[in-house]
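S.K.: My questions all concern the structure below.
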Amino acid sequence: MSSAKTIRIGGASGYWGDSQDAPRQLVMKGNVDYLVFDYLAEVTMSILVRAKQKSPELGYARDFVDLAMKPLLHEIKARGIKVVANAGGVNVEACAAALAKVAAEAGVDLKIGTVDGDNLSDDLKALRGEGISEMFSGKPMPDGMISANAYLGAFPIAAALDNGADVVITGRCVDSAVTLGPLIHEFGWTVDDYDRLAAGSLAGHILECGAQATGGNFTDWRDTVDGWDDMGYPIAVCRADGTFAITKPEGTGGIVSRLSVGEQILYEIGDPTAYIMPDVICDFSGVTLTETKKDWLEIANAKGRAPTSTYKVSGTYKDGFRATATTVITGFDVVEKGRAYAEALLKRTRRLFLERNLGDYRETAIHLIGAETLWGSNAQPSAAQTREIITRIDVRHDEKEALELFSKETTGVGLSMTTGRCSGGASGRPKVTPVVAQFAFQIDKARIEPKVYINNKPVNVDIPKPAQYSPVPKMQHAPTEPQETPAGELVEVPLIKLAAARSGDKGNNANIGVIARKAEYLPWIKASATEAAVADYFGHVLKGTVYRFDLPGMDAVNFLLTDTLGGGGTSTLHLDNLAKTYAQQLLALPIRVPKEVAESLN
């Protein structure tokens, strides 16, 4: 094997529903060796579970077969591109069968590899009997569990490729495994090559959210807005030593830069010195980002150590019902009228529940969209003077009958409450839907044996095990650094002048990554954006603790806000259920800098 060998891997999907233009662009313009798809956000898993309950032929990401693969089968085969996707969801067999049917109809010969063993649904009764508890809250396993899927690693994917698979379909594997698996296969990395496994995991982490690495959802949006109609999707150009570059197809929109990719590296990683993957514990704190030419970013210095002895398992369970009502209110005093309307509707329905012995709501939330409802006490005073809002009322209840009554009353009060209102969404009454909530726990890796198949035939593979395991790392606060008192005057500037940022969820926690625009800005950011300051700023949603983690290699910091999402994306009533807006809010935080620094800012 030549040391100059590189493997080009294109990230074709960041979620179930990502643009069908992504795989076509990467196949036709990206000169890629591999096309990888990530579909399985935790919210998506709950949707797929519900789909399979309705039909045994569902439960996988159908877009993968119908919209991504079917139109491109001949091109993929002709160009020798291999494909890896976790599109199998909770029904890997059905996904593989659907793809095989489409390939046969197109006259394309495909060797389809599948990986399963992640599905623990048949073990739920036994696991409950063992006293399994939720890995963050410590709560016992609830009744009504309907699924449990372990986050498998990359070595089973590599094994399928080793056995000649053209396409590998998995169920619940860790997102970055669809990238790391091909690198293990191509470069012969072993189970104890921890630094390389960490680097491959980082490449996968960058690709797993599609165009978020190439200027999508970017703080400096004006740098990419002209190319939004034809955004480029990310390509990792990987080498055997673990170094790699990020680029995109030439002539496409977007940008590949230290800030655009840096935002994605920070995205949802928690402690960057202990980012836990099934195959390795990654340390990204010393990672360096170097722009060497237009839309080409070199990435190096990822480190790794032995993995933990457990897999994370994402379980789901039935947890009552929910409904959402929206209405537009315009005119005078709309903030007061909107809240009064929502409170009156809740009071009215509670009275009706009592008369029918239905019990109270489990939870309610009122959002006044257009009046900076997400900002809490950080909202500007002028927001209260707006003349148009959407009043959104989110409710949960154990009984479907109660929320059907709520649904009817949202239209039943049309002539008896506020003036100046009109439809705020789809016509008709709010839909009542079941809540499928998440229950995450850990399980000993020795209890799970991943299985590999090629065209439905089992392959005898021995998934390697590391020589040792590491204990589960404990989170630690960043050390307090002494700050020199400057001689001159300090003035306040918003954080956005000094940094870019991106945020997202991890279960019930929120992650906000902040990367300094210049290295010299970082001390000032740390001095003002302390853990205490961030906790106070998000006091309207924060129930837990704020941790700050440092990434000196990138001139960045990462904040983890625990217990801040009202139970997590599948069940919360928060308007921002996935913490996607937190970074934009934090970028308004005042940062004290010397006057001469402030005057030098654009």
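S.K.: To the nearest 10 Å², what's His477's accessible area with a 1.4 Å probe?
M.R.: Rounded to the nearest 10, that gives 90 Å².
S.K.: Which aspartates and glutamates, if any, have their Cα less than 14 Å from the Cα of Lys303, not counting same-chain residues under 8 positions apart?
M.R.: Qualifying aspartates and glutamates at Cα under 14 Å: Asp192, Asp193, Asp195, Asp241, Asp271, Asp279, Asp283.
S.K.: Which residue, chosen from Gly507, Gln438, Ala583, occupies the Cα position most advanced towards the positive end of the dipole of the chain, where the dipole is computed from +1 (Lys, Arg) and -1 (Asp, Glu) charges on Cβ about the Cα centre?
M.R.: Value computed over the given set: Gln438.
S.K.: Please give the solvent-accessible surface of Trp221 in Å², to the nearest 10, using a probe radius of 1.4 Å with every protein chain present.
M.R.: Roll a 1.4 Å probe over it and Trp221 shows about 100 Å².
S.K.: Label Asn357 and Asn455 with points 7 Å out from Cα along Cα→Cβ: what is the distance between them in nm?
M.R.: A separation of 6.3 nm, rounded to one decimal place.
S.K.: Right, another one. Using 0.36 nm per residue of separation minus the Cα-Cα distance, give me the extension gain between Ser137 and Lys474 in nm, one decimal.
M.R.: Once the chain is fully extended between Ser137 and Lys474, it gains 119.9 nm.
S.K.: So what are the ³J(HN,Hα) numbers for region 252-259, from phi and the Karplus equation (6.51, -1.76, 1.60; θ = phi - 60°), rounded to whole Hz, Gly and Pro as x?
M.R.: Using θ = phi - 60°, the values come out as 9, x, x, 7, 10, 8, 4, 6 Hz.
S.K.: On a straight-distance basis, which lysines could pair with Lys408 in a cross-link, Cα separation under 22 angstrom, same-chain partners fewer than 8 positions away excluded?
M.R.: Within the straight-line limit of under 22 Å, Lys408 reaches these lysines: Lys337, Lys347, Lys400, Lys431.
S.K.: Which of the residue pairs Lys52/Lys111; Lys248/Lys318; Lys293/Lys506; Lys111/Lys474 have a Cα-Cα distance greater than 31 Å in the structure shown?
M.R.: Lys248/Lys318; Lys293/Lys506; Lys111/Lys474
S.K.: On to the next question. What is the magnitude of the charge dipole of the chain about its Cα centre, with +1 placed on the Cβ of each Lys and Arg, -1 on the Cβ of each Asp and Glu, and no other charges, expressed in debye to the nearest 20?
M.R.: 1180
S.K.: Ignoring ligands, DNA and RNA, what percent of the accessible area of the chain is carbon or sulfur (1.4 Å)?
M.R.: Answer for the chain: carbon and sulfur cover 48 percent of the accessible area.
S.K.: Once the Cβ-Cβ distance between Thr530 and Leu490 is put in as r, and R0 is 22 Å, what FRET efficiency do you end up with, to the nearest 0.05?
M.R.: 0.90
S.K.: Sorted by accessible area (1.4 Å probe), largest first, how do Asp21, Asp193, Asp576, Asp109 line up?
M.R.: Asp109, Asp21, Asp193, Asp576
S.K.: Rounded, prolate or oblate, given the Cα gyration tensor of region 485-602, with a/c below 1.5 counting as rounded?
M.R.: In terms of gyration-tensor shape, prolate.
S.K.: Pop out the ³J(HN,Hα) list for region 152-159 in order, Karplus 6.51 cos²θ - 1.76 cosθ + 1.60 with θ = phi - 60°, rounded to Hz; leave Gly and Pro as x.
M.R.: 6, x, 9, 5, x, 5, 4, 5
S.K.: Could you report the chain's accessible area per residue, 1.4 Å probe, as an integer in Å²?
M.R.: In whole numbers, the chain has 43 Å² accessible per residue.
S.K.: Now a separate question. State the volume of the convex hull built on the alpha-carbon positions of the chain, expressed per residue in Å³ and rounded to an integer.
M.R.: 167
S.K.: Using Cα pairs under 8 angstrom and six or more residues apart, how large is the relative contact order of region 369-512, in percent?
M.R.: Answer for region 369-512 is 10 percent.
S.K.: When the solvent-accessible surface of protein heavy atoms is calculated with a 1.4 angstrom probe, in what order do Phe37, Phe332 fall, highest first?
M.R.: Order by accessible area, largest first: Phe332, Phe37.
S.K.: Dipole of region 460-562, Cα-centred, from +1 at each Lys and Arg C-beta and -1 at each Asp and Glu C-beta, to the nearest 20 debye?
M.R.: 380
S.K.: Classify region 470-529 from the C-alpha gyration tensor, please: rounded if a/c falls under 1.5, else prolate or oblate depending on whether a/b exceeds b/c.
M.R.: Oblate.
S.K.: How high is the relative contact order of region 101-255? Use alpha-carbon pairs under 8 Å, at least six apart in sequence, and give a whole percent.
M.R.: Once divided by the residue count of region 101-255, the mean separation gives 18 percent.
S.K.: In whole percent, what relative contact order does region 239-315 give with Cα contacts below 8 Å and a gap of six or more residues?
M.R.: 34
S.K.: Turning to a different aspect of this structure: How would Thr411, Thr419, Thr572 rank on accessible area, largest to smallest, probe 1.4 Å?
M.R.: Thr419, Thr411, Thr572
S.K.: Taking a ≥ b ≥ c as the square roots of the eigenvalues of the Cα gyration tensor of region 268-403, is the shape rounded (a/c under 1.5), prolate (a/b larger than b/c) or oblate?
M.R.: oblate
S.K.: At a probe radius of 1.4 Å, what is the per-residue accessible area of Val452, in Å² to the nearest 10?
M.R.: 0
S.K.: Name the residue from Ser13, Ala371, Phe538 whose Cα lies farthest towards the positive end of the charge dipole of the chain, charges +1 on Cβ of Lys and Arg and -1 on Cβ of Asp and Glu.
M.R.: So the residue we want is Ala371.
S.K.: Could I ask something else about it? Karplus couplings for region 414-421 from phi (6.51 cos²θ - 1.76 cosθ + 1.60, θ = phi - 60°), rounded to Hz, Gly and Pro as x?
M.R.: Coupling constants for region 414-421: x, 10, 10, 10, 6, 8, x, 10 Hz.
S.K.: When the distances between all Cα atoms of region 423-491 are binned every 10 Å from zero, what whole-number percent does each bin get?
M.R.: Calculated P(r), rounded to whole percents: 10, 16, 16, 16, 20, 17, 5, 1.
S.K.: Ignoring everything except DSSP H segments at least 4 long, calculate the 222 nm mean residue ellipticity for the chain; use -39,500 (n - 2.57) per segment, divide by total residues, nearest 500.
M.R.: The helix-only estimate for the chain comes to -7500 deg cm²/dmol at 222 nm.
The values are calculated or read from the model by the stated rules, or taken from the named source; none is laboratory data. Quick caveat, the model's predicted, so the values are computed rather than measured. With ideal geometry, Cβ positions are generated from the backbone for all residues, glycine too; neighbour counts draw on all protein chains shown. SASA here: full protein model, heavy atoms, side chains in, ligands and nucleic acids out. Shrake-Rupley method; radii C 1.70, N 1.55, O 1.52, S 1.80 Å.
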